[in-house]
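One structure is given here, and the rest of the page talks about it.
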Amino acid sequence: MSSPGSTTPTVFSSYDLTGAVTPVRDPSLMRQGNTYYVFSTDADGPAVDGSLPVLCSTHRVVWTSCGYVFGAIPTWVTAQVPGVIGLWAPDISYFNGLYHVYFAGSTFGSNTSVIGLATNTTLDSTDPNYAWVDQGEVLGSVLTDDFNAIDPTILTDTDGQVWLTYGSYWSGIKQQQIDPTTGFLLASNPTVYSLAYRPNVQYDPIEGTSLVHKGSYYYLFASFDDCCAPDPYQDTYRIMVGRGTTPQGPFFDMAGVDMTQGGGTQLLAGNGTTWNGPGGETAYLDPVNGDIIVFHAIQLPGGAAYLFVNPLTWPNDWPQIQP
């Protein structure tokens, strides 16, 4: 069993997912009824059949393809992000009676990026009301900005307020408040909060956050270091966490270091032999069937990105990824 700070992540020794589990990157998960839905990045180049693939499972083990959010990348994304070939890191959430998928459009190494929104009344594609509606741009960044508008994640806090957390490299992880009735930024609160930053590491390699509330704390999960290396043995992605008492932090690791000062407790890293680069994680709290964390990891030696869906437990009020 792995634990915070563990260097021997035994979750890799018992992989049992089957079906459409690769290529999958940056998964986000939600349950509707008895079915679990995973939304993920357009992996390995442009999608032929659609953009933002959806996977389905009733038992979280056997996964099947269940379509796409979009038939093609929206034209407003291609107009604002030259060279974009796929959408990234969708986040699925539910508030104000609608399912919301926030997603990113960008290109590697650039902060000319956008975060967009699509909404639906159901996740069940057999429902006659099923239809993803493109709501357009929520937030963008350009080369002169000091942040990157990608990797969105949504939290509804204990007061019912909705928060969009985002960011990759540059000046780290940011957060802004969302108007729950529109899904867009709340005009009455333009404050941009800074949640996490790695000031002593070149290029500030932090991204792929997930923010949840459990018990007395808010937990900020993040992906540290670099994904997607041409040599899978050099993929250094790893899953980190900190906790705080408000949605804006400060978030501290187990050693008491603020995540704005480079803090973070390691939950899972690659083992360099069978799997590398776990990251792009989303924590999903399910009071009915138990809490889950979904992420991708790189299988060695081939380098394919696989979906992981693992139980998440909370010993001593700290998360622990279970096999």
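The values are calculated or read from the model by the stated rules, or taken from the named source; none is laboratory data. Everything numeric in this text was worked out from a predicted model, so none of it was measured. Please note: Cβ atoms are built from the backbone with ideal geometry, for glycine as well, and neighbour counts cover all protein chains shown. In case anyone asks, the SASA skips ligands and DNA or RNA and just uses the protein heavy atoms, side chains included. Shrake-Rupley method; radii C 1.70, N 1.55, O 1.52, S 1.80 Å.
What full-extension length gain, to one decimal in nm, is calculated for ASN96 and ASN129 as 0.36 nm per residue of separation minus the Cα-Cα distance?
Difference between extended and current length: 10.2 nm.
With a 1.4 Å probe and all protein chains left in place, how much accessible area per residue does the chain have, in Å²?
On a per-residue basis, the chain sits at 40 Å².
In what sequence, largest accessible area first, do THR112, THR209 appear using a 1.4 Å probe?
THR112, THR209
Report the Cys residues of the chain lacking a disulfide-compatible partner, meaning no second Cys Cβ under 4.7 Å from their Cβ.
Isolated Cys, the chain: none found.
Please state the equivalent ellipsoid semi-axes for the chain: what are the square roots of 5 times the Cα gyration tensor eigenvalues, largest first, in whole Å?
In descending order, the three semi-axes are 25, 23, 21 Å.
On a 1.4 Å probe surface of the protein chains, which of TRP275, TRP170, TRP314 comes out largest in accessible area, and what is the full order?
Descending order: TRP170, TRP314, TRP275.
For the stretch 219-292 and the stretch 77-143, what is the separation of their C-alpha centers, rounded to whole Å?
If we compute the Cα centre of each part, the gap is 23 Å.
If I stretch the segment between THR122 and THR273 completely, what's the gain in nm (0.36 nm per residue apart, minus their alpha carbon distance), one decimal?
Once the chain is fully extended between THR122 and THR273, it gains 50.3 nm.
At R0 = 22 Å, how high is the FRET efficiency between GLN32 and THR182 if r is their beta carbon distance? Nearest 0.05 is fine.
That pair, GLN32 with THR182, gives E of 0.45.
Under a point spin-label approximation (7 Å from Cα along Cα-to-Cβ), what is the LYS214-VAL61 distance to one decimal in nm?
Label at LYS214, label at VAL61, 2.3 nm between them.
In a GNM of the chain with a 10 Å cut-off on Cα contacts, which of THR246, THR41, THR273 has the highest mean-square fluctuation?
Residue with maximal mean-square fluctuation among THR246, THR41, THR273: THR273.
Can you give me the % of accessible surface on the stretch 218-323 that is carbon or sulfur? Probe 1.4 Å, all protein chains present, nothing else counted.
Heavy-atom surface of the stretch 218-323 belonging to carbon and sulfur, 1.4 Å probe: 52 percent.
Report P(r) for the stretch 1-118: all Cα-Cα distances, bin width 5 Å, range 0 to the bin holding the largest distance, values in whole percent.
Pair shares across the bins are 2, 10, 19, 20, 17, 14, 11, 6, 2, 0.
For the chain, modelled as a GNM with alpha-carbon contacts under 10 angstrom, which of THR64, THR126, THR165 fluctuates the most?
THR126
When N is the residue count of the stretch 60-176, what does its C-alpha Rg come to as a fraction of 2.2 N^0.38 Å?
Computed over Cα atoms of the stretch 60-176, the ratio equals 1.11.
Which net charge results for the neighbourhood of THR156, defined as the other residues with beta-carbon distances under 13 angstrom from its beta-carbon, given Lys and Arg at +1 and Asp and Glu at -1?
Here the charged neighbours net out to -4.
For the chain, calculate the relative contact order in percent as a whole number, restricting contacts to Cα pairs under 8 Å that are 6 or more residues apart.
Across the chain, relative contact order equals 16 percent.
How high is the relative contact order of the stretch 77-225? Use alpha-carbon pairs under 8 Å, at least six apart in sequence, and give a whole percent.
Once divided by the residue count of the stretch 77-225, the mean separation gives 16 percent.
Can you tell me the mean projection area, over all orientations, of the convex hull of the stretch 110-247's alpha carbons? Units nm², please.
11.0
For Cα pairs less than 8 Å apart in space and 6+ apart in sequence, what is the mean separation divided by the residue count of the stretch 203-258, i.e. the relative contact order in percent?
Over the stretch 203-258, the number comes to 28 percent.
Which residue fluctuates most in the GNM of the chain (Cα springs below 10 Å): THR181, THR121, THR156?
In the Gaussian network model the winner is THR181.
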